[in-house]
Structure formats: C-alpha cells, structure tokens
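A short write-up of the structure that comes next.
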Amino acid sequence: QVQLVESGGGLVQAGASLRLSCAASGRTFSNYAMGWFRQVPGKEREFVAAISRLGGRTYYGDSVKGRFTISRDNEKNTVYLQMDSLKPEDTAIYYCAAERGYGGSHLPGEYDYWGQGTQVTVSS
C-alpha cells in the first residue's frame, strides 16, 4: 500500500501561483511514477501532469503546458506541482496518484493509489 496526502491548495486570484505537494508513505517512493489529476464536480477526472520514477521524464496535459511544472524529491518522498499563471478554469480538486509503471499515463485507471485531493480555487 502507498498512502498519499496532498497539501497546498487554496483560494487565489487569477494570475497567481500555488505549489501543491503530495507526500507518500508506505512503499519505496522511487518505485512509482507519479501523476496529478484534477476534477470538477460533474466532470471526468482530467490529466494534469506526470513524472517518471526518477524524474527524468515529465508529461503535461494540453491545458496546463507552459504554466505548470511537476517535480519530485525521492529523498523526501514527495511530488510537487508548481502552478503559475493560474486561471479561473484551473479551479478543481487536485489529486496525486501513483502507478507502478514507467510513467506518463494520462489515464486515471492506470494509477494504483490516490490521495484524498486538495481544493484549488482561482477567482477572476
């Protein structure tokens, strides 16, 4: 089992930045590729970003490319999502997830463990 706990969400104005963190425990963190997803009530979970096990490869959804940056610190068992130039349409619950594969999947079903989510609200 891998336990994931997100933090760093909040209410910000458009154009601001936030950094989300996801702390992992339970298994060897570097054995898992990590991803961030987001979801708005009534809509499907949307892929945001993913990172390979050692951090050498990153992947982004089209709506966040150039604004969001995913990174990880395997010594701290933590994955981050730096979100810049936030827009009202970025408002959602953000989830981190872990997969046993090599990373890069944009499909929620490919991930084995999920956090409880953290709310991000961007006002106009």
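The values are calculated or read from the model by the stated rules, or taken from the named source; none is laboratory data. These numbers come from a predicted model, not from an experiment. Ideal geometry is used to build each Cβ from the backbone, glycine not excepted, and the neighbour counts take in all protein chains shown. Surface accessibility is based on the protein's heavy atoms, side chains included, excluding ligands, DNA and RNA. Shrake-Rupley method; radii C 1.70, N 1.55, O 1.52, S 1.80 Å.
Annotations for the structure displayed:
- Subset of the stretch 73-124 (residues that are out of contact with any strand residue (DSSP E or B) (no Cβ under 7 Å at 6 or more places or on another chain) and in a helix (DSSP H, G or I)): Glu89, Gly109
- Count of the stretch 42-59 residues which are among the polar types (S, T, N, Q) and either open to solvent by less than 10 Å² (accessible area, probe 1.4 Å) or in contact with a His (Cβ under 8 Å, 6 or more places away or on another chain) (or both): 1
- The lone criterion from (1) open to solvent by 20 Å² or more (accessible area, probe 1.4 Å); (2) in contact with a helix residue (DSSP H, G or I) (Cβ under 7 Å, 6 or more places away or on another chain) left unmet by Gln39 is number (2).
- Residue in the stretch 82-95 that is of a type in the set (Phe, Trp, Tyr) and over 16 Å from Arg38 (Cβ atoms) present: no
- Residue in the stretch 24-34 that is under 19 Å from Thr118 (Cα atoms), surrounded by fewer than 17 Cβ atoms within 10 Å (Cβ to Cβ) and within 12 Å of the chain's Cα centre (by Cα) present: no
- Test: residue in the stretch 24-35 that is in a helix (DSSP H, G or I) and among the aromatic types (Phe, Trp, Tyr): yes
- Residue count, the stretch 60-73 (criterion: surrounded by 16 or more Cβ atoms within 10 Å (Cβ to Cβ), of a type outside the set (Lys, Arg) and under 24 Å from Gly26 (Cβ atoms)): 1
- Which listed residue is buried (at least 17 other Cβ atoms within 10 Å of the Cβ), assigned to a strand (DSSP E or B), touching a Cys at 6+ places or on another chain (Cβ under 7 Å) and not small (Gly, Ala, Ser), from Leu4, Leu20: Leu4
- For Pro41, the criteria (1) closer than 16 Å to Thr118 by Cα; (2) touching a strand residue (DSSP E or B) at 6+ places or on another chain (Cβ under 8 Å) hold in every case but one, which is (2).
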